[in-house]
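Single-structure report; data block below.
The values are calculated or read from the model by the stated rules, or taken from the named source; none is laboratory data. Everything quoted here is computed from the prediction, not taken from an experiment. All Cβ positions, glycine included, derive from the backbone under ideal geometry; neighbour counts span all protein chains shown.
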Amino acid sequence: MDHSIVTFWLVVSLCLAGMTATWTRVQFAGRGWVAVYLAILLVAVTGWLLEQAAIVYLAAALWFLLIFLPGLIATRYNRRFMQQDYAGARRLAQIIRRLHPADGWIELPTIIRALELSQKGDLTAASETLDRFQGVKSLVGLAAIMNLYRITNRWNEQPAWQLRHREEIERNPDLFAGVLRALGETGDVRGLVEFYDGHRQKIGRLVPPASRDVCRLMLFAFCGKRQEVERLFSGNLAVLPAPIRAFWLATADLEAGASESAKGQLEALLPGAEPLLQRAIERRLARISLVPEPLDASAERVVEEASKERSHEERFGSQRSLFSNRARATQLLMAVNVLAFIAESCLGGGTNLDVLYRLGGLFPPAVRDGEWWRLVASLFLHFGALHLAMNMLALWALGPFVEFALGFWRFMLVYLLAGIGSMATVMALSSPTGAEPLTVGASGCVMGLVGATGSLMLRGWRREKALAAKRRMVLMLLIVFMQFLFDSAIPQVSMTAHLSGAFIGFAAAIFLRDRLTAPATGKPRPAG
């Protein structure tokens, strides 16, 4: 197998997928990322046209340096920012700024520095820094002014400012949480509910998922829904500092009419709160005597729908961790695959066909002679480190969720059924009179997980009309389609194994009970 061709198509697939996702989610705010994707594609295509493997590998290196690495750091940045560790977030933003000097990353460290100053009580310096962004209509400029209103408690001025910048805000959904909070802080709960309801689809596409939940936090807290706020804090928003969580729980109680309970919580928080939180608490206490208006039926419906969407995302849209105790089968399978590759290396190398044959690679004549064990053994062998890495990364991405949904044994059943079934299909369609290649790899198993995920998502969509399930199902279809194109471009890759594995995984999951159904309380069932 020519690794440069595999690398080329992998880079092309990643760039096209990333470019599409970026434009769909952030549009104008992500033009810099789109430009980087296009530049990497240009390098890759140049290498392919000139038949220069070095240029193709350069494109892969550029993707790692300019896309993967900033994305990885951005994940840590988002976590630090949510934790309100502004010093740590600023350091990470400075690194990203060097790797991606566009889309607001150049100015972002300045804004975070202002938040850091306000956190320490230097409100004058922080305000002066943020005030420099007056008139800047980019995402980062608008975010700076929103933060200026927030740290100075000038909430009454923000709605008028929002009206003047309505078009820019509409193009930048990342600002919606700030809009929702301003409406809540000024007592316009009806306007808050209407804004959320009118922008539900855009909020549903925000990434990372915590951004969606911050919008829901504003809705639930200012509508007095303490139980829903608690559920948010047990999920993506668990990273928020404890005093911030307590503040929003007290806010929910206050808006629900439990003013005495809210007052006690806020007064208990006040002595140890940092300057920014102190000002927010004092604002709440100053309004403690105001009686909130009850929600009408339409507002209750919006809140109920938002709660349902959160539940759907938690069950159908979340990415499960490989390091969870609910991903033991995935961990075991990855370990077995790696150990098998170590054995290949010790016996002569993972690209040595004699070694692969001796260890159990699928060779149709041998299977027809009675060596049926090869249908299983071949699933754990790989042709070189790149083949192993691609399959293990895919197993890492897909396995934990399917195992969470099905449980250990049903997951293992789907994995092995898809793998053995795909190898049996390759065997059945092989020609006894022609050249019969040696087939190895966990690709059929992995594609079985793609098919199983699609099947589970189809069930979720039909059962609950869950948009999160529909989106994930469409993603699985896209993966199958891209795998088809990938296989068509590289003759050495077994399209038969991949497509049959996906079909078997899809069919198997139809008949298996899943753990994604929500009980009557609205909480997902535990998957142990």
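Could you list, in sequence order, the residues of region 58-85 that are under 26 Å from residue 120 (Cβ atoms), in a helix (DSSP H, G or I) and free of Cβ contacts under 8 Å to residues at least 60 places away in the same chain?
Across region 58-85, the qualifying residues are 73, 74, 76, 77, 80, 81.
Does residue 447 fit the bill of being surrounded by fewer than 19 Cβ atoms within 10 Å (Cβ to Cβ), assigned to a helix (DSSP H, G or I) and at pLDDT 95 or above?
For residue 447, the condition - surrounded by fewer than 19 Cβ atoms within 10 Å (Cβ to Cβ), assigned to a helix (DSSP H, G or I) and at pLDDT 95 or above - is not met.
All but one of (1) modelled with pLDDT of 90 or more; (2) within 30 Å of residue 197 (Cα to Cα); (3) not basic (Lys, Arg); (4) not in a helix (DSSP H, G or I) hold for residue 319, so report the exception by its number.
Every condition holds for residue 319 apart from (1).
Conditions (1) in contact with a His (Cβ under 6 Å, 6 or more places away or on another chain); (2) surrounded by fewer than 22 Cβ atoms within 10 Å (Cβ to Cβ); (3) among the polar types (S, T, N, Q), marked per residue:
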| position | (1), (2), (3) |
| --- | --- |
| 436 | no, yes, no |
| 439 | no, no, yes |
| 465 | no, yes, no |
| 480 | no, yes, no |
| 502 | no, no, no |
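Looking only at residues that are more than 30 Å from residue 517 (Cα to Cα), aliphatic (A, V, I, L, M) and part of a helix (DSSP H, G or I) in region 405-437, which one is modelled with the lowest pLDDT? So that I can check it myself, show each step before the final result.
Pass one, region 405-437, residues more than 30 Å from residue 517 (Cα to Cα): 423-437.
Next, only the ones that are aliphatic (A, V, I, L, M) stay: 423-424, 426-429, 435.
Cutting the leftovers down to part of a helix (DSSP H, G or I) gives us 423-424, 426-429.
Values: 423: 93, 424: 93, 426: 88, 427: 87, 428: 87, 429: 84.
Out of the qualifying residues, it is 429.
Across region 124-161, what is the number of residues that are under 23 Å from residue 184 (Cα atoms) and of a type in the set (Val, Ile, Thr)? Please lay out each step first, then the result.
Here is the first cut: in region 124-161, the ones under 23 Å from residue 184 (Cα atoms) are 127, 130, 139-161.
Next, only the ones that are of a type in the set (Val, Ile, Thr) stay: 140, 145, 151-152.
Count: 4.
Residues that are surrounded by fewer than 16 Cβ atoms within 10 Å (Cβ to Cβ) and out of contact with any Lys or Arg (no Cβ under 6 Å at 6 or more places or on another chain): find the helices (runs of 4 or more DSSP H) completely inside region 144-202 holding 3 or more of those. Reasoning before the result, please.
On the way: elements: 158-164, 166-170, 176-185, 189-198.
In region 144-202, the matching helices (runs of 4 or more DSSP H) lie at 158-164, 166-170, 189-198.
Among the residues in region 437-454, are any touching a Leu at 6+ places or on another chain (Cβ under 8 Å), among the polar types (S, T, N, Q) and either under 26 Å from residue 363 (Cα atoms) or in contact (Cβ under 8 Å) with a residue 60 or more places away in the chain (or both)? Spell out the reasoning first.
Initially, region 437-454 is screened for residues touching a Leu at 6+ places or on another chain (Cβ under 8 Å), giving 438-442, 444-450, 452-454.
Next cut, among the polar types (S, T, N, Q) only: 439, 453.
Next, only the ones that are either under 26 Å from residue 363 (Cα atoms) or in contact (Cβ under 8 Å) with a residue 60 or more places away in the chain (or both) stay: 439.
Scanning region 437-454 turns up at least one residue that is touching a Leu at 6+ places or on another chain (Cβ under 8 Å), among the polar types (S, T, N, Q) and either under 26 Å from residue 363 (Cα atoms) or in contact (Cβ under 8 Å) with a residue 60 or more places away in the chain (or both).
Can we say residue 304 is without any contact (Cβ under 8 Å) to a residue 40 or more places away in the chain, surrounded by fewer than 19 Cβ atoms within 10 Å (Cβ to Cβ) and not aliphatic (A, V, I, L, M)?
Numbers: without any contact (Cβ under 8 Å) to a residue 40 or more places away in the chain: yes; surrounded by fewer than 19 Cβ atoms within 10 Å (Cβ to Cβ): yes; not aliphatic (A, V, I, L, M): yes.
Taking the combined requirement at face value, the residue satisfies it.
Out of region 323-358, which residues are surrounded by 15 or more Cβ atoms within 10 Å (Cβ to Cβ), under 30 Å from residue 463 (Cα atoms) and not small (Gly, Ala, Ser)?
Residues satisfying the conditions are 326, 330.
For region 129-143, name all the residues that are in contact (Cβ under 8 Å) with a residue 24 or more places away in the chain and part of a helix (DSSP H, G or I).
139, 140, 141, 142, 143
Can you spot a residue in region 299-321 that is closer than 30 Å to residue 377 by Cα and among the small types (Gly, Ala, Ser)? Explain how you work it out, then say what you get.
Keep residues of region 299-321 that are closer than 30 Å to residue 377 by Cα, which gives 319-321.
From the residues that got through so far, the ones that are among the small types (Gly, Ala, Ser) too are 321.
Checking region 299-321: at least one residue is closer than 30 Å to residue 377 by Cα and among the small types (Gly, Ala, Ser).
All but one of (1) modelled with pLDDT under 90; (2) touching a Leu at 6+ places or on another chain (Cβ under 6 Å) hold for residue 514; state the number of the condition that does not hold.
(1)
Please give the number of the condition residue 41 fails out of (1) at positive phi; (2) surrounded by 17 or more Cβ atoms within 10 Å (Cβ to Cβ); (3) not hydroxyl-bearing (Ser, Thr, Tyr).
Among (1) at positive phi; (2) surrounded by 17 or more Cβ atoms within 10 Å (Cβ to Cβ); (3) not hydroxyl-bearing (Ser, Thr, Tyr), the lone unmet condition for residue 41 is (1).
Given the structure, is residue 126 among the small types (Gly, Ala, Ser), buried (at least 21 other Cβ atoms within 10 Å of the Cβ) and assigned to a helix (DSSP H, G or I)? Lay out the reasoning, then the answer.
Values: among the small types (Gly, Ala, Ser): yes; buried (at least 21 other Cβ atoms within 10 Å of the Cβ): yes; assigned to a helix (DSSP H, G or I): yes.
Considered against the rule, which asks whether it is among the small types (Gly, Ala, Ser), buried (at least 21 other Cβ atoms within 10 Å of the Cβ) and assigned to a helix (DSSP H, G or I), residue 126 comes out as yes.
So how many residues does region 86-108 have that are surrounded by fewer than 19 Cβ atoms within 10 Å (Cβ to Cβ), of a type outside the set (A, V, I, L, M) and outside any loop (DSSP other than H, G, I, E, B)?
The number of residues fulfilling the criteria is 5.
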